[in-house]
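Student: This is the structure, below, for whatever I ask next.
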Ligand code: TXA
Ligand code: MG
């Protein structure tokens with residue numbers, strides 16, 4: 001157990017952050033400290049990406065497995081050419097189309113990155129976030145910033161500074177509170193090191209949007225069948241080391257019910273009744289379209305099934321809310337795995353582990 005340190009909590013305006021506060025936070029990063037900050041996807045926990053011991057501190061603070069590499073955040077596209085050994089044309093086009101924004105490009109790693117960042121791989125994930133606070137902080141630090149999501153390893157990613165505080169208070173130097181993150185799920189991770197770009201993790205930028213700019217792309221098998229990414233099973237190992245861990249998990253077990261929109265709610269009602277009869281407190285993660293169909297249990301509405309981006313925005317906050325409510329089991333309605341819905345279903349399936357029912 002590491003020693004407790006004092007964690008500063010600094011509110012900042014999300015569009016025009018106070019330069020004095022940003023400079024203080026930037027100085028902490030430059031000197032090897034840890035600062036959590038908002039991005040447009042989720043909150044990140046930053047360290048100077050060029051400082052191995054500082055980056056090692058991120059792994060300690062989160063309890064993160066050492067073999068899971070970090071994304072390096074930059075404030076301008078130019079910085080990529082110092083950090084990557086090669087930048088293919090298609091990567092250039094993707095940066096122009098989607099940066100700043102929720103897209104991480106995995107490129108061959110340049111020299112000079114400590115092994116703590118890449119977990120010893122010969123590639124590096126790079127992203128320019130679309131959040132004024134993140135961009136100002138990276139610029140103030142004057143160095144690229146390695147940052148995973150700012151949660152304890154295994155917990156749902158934080159979409160507010162309060163979530164970060166719950167998980168990391170006493171373990172990091174400062175939290176910049178720039179209000180709730182907008183997208184709500186993490187960036188799309190796209191591996192550009194092979195002949196065809198491969199989506200390793202679906203996120204804010206959809207496969208259709210990527211194809212429109214980069215042509216043919218492939219989905220890693222673990223994107224859809226999260227069981228395929230779970231370590232072992234005789235299948236090939238996941239290309240993104242992070243995908244083999246159970247993730248995004250609230251404390252209560254989560255059962256995901258997937259299938260036709262008319263069949264899912266009745267099955268959730270049955271399950272809710274079953275658990276209620278067994279004396280369990282039931283949480284239901286419902287879509288707005290079907291929320292009225294549930295009469296028992298703690299019902300939280302993430303968003304509208306028809307607009308999966310609205311579900312993404314409130315997904316992790318809802319999972320954390322169930323923990324606060326103290327439910328014993330969570331029953332979640334699946335959405336169509338299309339567009340941003342693919343990212344939502346990827347996260348829900350990982351939170352569920354093997355507790356997935358198809359109806
Ligand atoms: O939206 C986001 O991406 C957020 C914000 C803070 O930017 N960050 C984030 O980081 O989600 P993290 O560490 O929670 O997830 C990074 C993912 C992991 O699945 C990791 O395995 C993968 O990216 N990754 C990073 N570098 C990689 C590499 N060189 N090759 C393959 N996968 C990589
Ligand atoms: Mg994470």
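The values are calculated or read from the model by the stated rules, or taken from the named source; none is laboratory data. The structure displayed is predicted, hence computed values, not measured ones. We place every Cβ from the backbone using ideal geometry, glycine too, and count neighbours over all the protein chains shown.
Student: Within the stretch 18-34, is even one residue within 15 Å of ligand 1 (Cβ to nearest atom) and either within 20 Å of the chain's Cα centre (by Cα) or within 12 Å of residue 149 (Cα to Cα) (or both)?
Tutor: There is at least one residue in the stretch 18-34 that is within 15 Å of ligand 1 (Cβ to nearest atom) and either within 20 Å of the chain's Cα centre (by Cα) or within 12 Å of residue 149 (Cα to Cα) (or both).
Student: Here's something else I'd like to know. If you check 108, 69, which single one turns out to be within 11 Å of ligand 1 (Cβ to nearest atom), buried (at least 20 other Cβ atoms within 10 Å of the Cβ) and touching a residue at least 60 places away in the same chain (Cβ under 8 Å)? Explain how you work it out, then say what you get.
Tutor: Numbers: 108 fails: buried (at least 20 other Cβ atoms within 10 Å of the Cβ).
Criteria check complete, one pass: 69.
Student: Considering only the stretch 21-37, I want to know if a residue exists there that is surrounded by fewer than 19 Cβ atoms within 10 Å (Cβ to Cβ), in the same structural domain as residue 126 (by TED's automatic domain parsing) and within 27 Å of residue 205 (Cα to Cα).
Tutor: No; the residues of the stretch 21-37 include none that is surrounded by fewer than 19 Cβ atoms within 10 Å (Cβ to Cβ), in the same structural domain as residue 126 (by TED's automatic domain parsing) and within 27 Å of residue 205 (Cα to Cα).
Student: Restricting the search to the stretch 114-127, which residues are more than 16 Å from ligand 2 (Cβ to nearest atom) and buried (at least 23 other Cβ atoms within 10 Å of the Cβ)?
Tutor: 124, 126
Student: Going through 300, 331 one at a time, which residue ends up being surrounded by 24 or more Cβ atoms within 10 Å (Cβ to Cβ) and under 23 Å from residue 273 (Cα atoms)? Spell out the reasoning first.
Tutor: Values: 300 fails: surrounded by 24 or more Cβ atoms within 10 Å (Cβ to Cβ).
On inspection, the qualifying residue turns out to be 331.
Student: Return the residue satisfying two criteria in turn: it lies in the stretch 72-88 and is in a helix (DSSP H, G or I) and without any contact (Cβ under 8 Å) to a residue 24 or more places away in the chain, and of such residues it is surrounded by the fewest Cβ atoms within 10 Å (Cβ to Cβ). Before the answer, list the steps.
Tutor: Our first condition is that a residue be in a helix (DSSP H, G or I); within the stretch 72-88, this holds for 77-83.
Narrowing the set further to residues that are without any contact (Cβ under 8 Å) to a residue 24 or more places away in the chain leaves 78, 81.
Numbers: 78: 8, 81: 11.
Across the stretch 72-88, the extreme among qualifying residues is 78.
Student: Test of understanding: among 167, 191, which residue is in contact (Cβ under 8 Å) with a residue 12 or more places away in the chain and either within 25 Å of residue 34 (Cβ to Cβ) or touching a helix residue (DSSP H, G or I) at 6+ places or on another chain (Cβ under 6 Å) (or both)?
Tutor: On the way: 191 fails: either within 25 Å of residue 34 (Cβ to Cβ) or touching a helix residue (DSSP H, G or I) at 6+ places or on another chain (Cβ under 6 Å) (or both).
167 is the lone residue from the list that is in contact (Cβ under 8 Å) with a residue 12 or more places away in the chain and either within 25 Å of residue 34 (Cβ to Cβ) or touching a helix residue (DSSP H, G or I) at 6+ places or on another chain (Cβ under 6 Å) (or both).
Student: Return the residues of the stretch 150-164 that are away from ligand 2 (no atom under 16 Å from the Cβ) and touching a residue at least 60 places away in the same chain (Cβ under 8 Å); say none if nothing qualifies. Let's see the steps before the verdict.
Tutor: Taking the stretch 150-164 first, the residues away from ligand 2 (no atom under 16 Å from the Cβ) are 161-162.
Across the stretch 150-164, the qualifying residue is only 161.
Student: Exactly one condition in (1) in a loop (DSSP other than H, G, I, E, B); (2) touching a strand residue (DSSP E or B) at 6+ places or on another chain (Cβ under 9 Å); (3) surrounded by 20 or more Cβ atoms within 10 Å (Cβ to Cβ) is not met by residue 46; state its number.
Tutor: Result: residue 46 passes all but (1).
Quick grid of which residues meet (1) buried (at least 23 other Cβ atoms within 10 Å of the Cβ); (2) assigned to a strand (DSSP E or B); (3) in contact with a strand residue (DSSP E or B) (Cβ under 8 Å, 6 or more places away or on another chain):
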position	(1), (2), (3)
309	no, no, yes
322	yes, no, yes
347	yes, no, no
350	no, no, no
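Student: Could I ask something else about it? Which of the residues spanning the stretch 178-192 are assigned to a loop (DSSP other than H, G, I, E, B) and crowded, with 20+ Cβ neighbours inside 10 Å?
Tutor: Quick first cut of the stretch 178-192, residues assigned to a loop (DSSP other than H, G, I, E, B) only: 178-187, 192.
Of everything in the stretch 178-192, those that are assigned to a loop (DSSP other than H, G, I, E, B) and crowded, with 20+ Cβ neighbours inside 10 Å turn out to be 178, 181, 183, 184, 185, 186, 187, 192.
Student: A further question on this structure: Among residues belonging to the stretch 149-160 that are more than 10 Å from ligand 1 (Cβ to nearest atom) and surrounded by 24 or more Cβ atoms within 10 Å (Cβ to Cβ), point out the one that is nearest to residue 24 (Cα to Cα). Can you show your working first?
Tutor: Step one: list which residues in the stretch 149-160 are more than 10 Å from ligand 1 (Cβ to nearest atom), which gives 152, 154-156, 159-160.
Checking which are surrounded by 24 or more Cβ atoms within 10 Å (Cβ to Cβ) leaves us with 156, 159.
Numbers: 156: 28, 159: 23 Å.
Of everything passing the filter in the stretch 149-160, 159 is nearest to residue 24 (Cα to Cα).
Student: Let me ask something else about it. Checking residue 100 against (1) surrounded by fewer than 17 Cβ atoms within 10 Å (Cβ to Cβ); (2) over 22 Å from residue 7 (Cα atoms), only one condition comes out false. Which one?
Tutor: The one condition residue 100 does not meet is (1).
Student: Looking at (1) at pLDDT 95 or above; (2) closer than 23 Å to residue 177 by Cα; (3) assigned to a loop (DSSP other than H, G, I, E, B), can you tell me which one residue 5 breaks?
Tutor: Residue 5 satisfies all of (1) at pLDDT 95 or above; (2) closer than 23 Å to residue 177 by Cα; (3) assigned to a loop (DSSP other than H, G, I, E, B) except (1).
Student: Tell me the residue from 290, 318 that is under 26 Å from the mean Cα position of the chain (by Cα) and surrounded by 18 or more Cβ atoms within 10 Å (Cβ to Cβ), please.
Tutor: Values: 290 fails: under 26 Å from the mean Cα position of the chain (by Cα).
That would be 318, the only listed residue that is under 26 Å from the mean Cα position of the chain (by Cα) and surrounded by 18 or more Cβ atoms within 10 Å (Cβ to Cβ).
Student: Given the options 141, 146, 136, 174, name the one that is more than 23 Å from residue 303 (Cβ to Cβ), over 11 Å from the mean Cα position of the chain (by Cα) and within 10 Å of ligand 1 (Cβ to nearest atom).
Tutor: Working: 141 fails: within 10 Å of ligand 1 (Cβ to nearest atom); 136 fails: within 10 Å of ligand 1 (Cβ to nearest atom); 174 fails: within 10 Å of ligand 1 (Cβ to nearest atom).
Within the list 141, 146, 136, 174, the selection yields 146.
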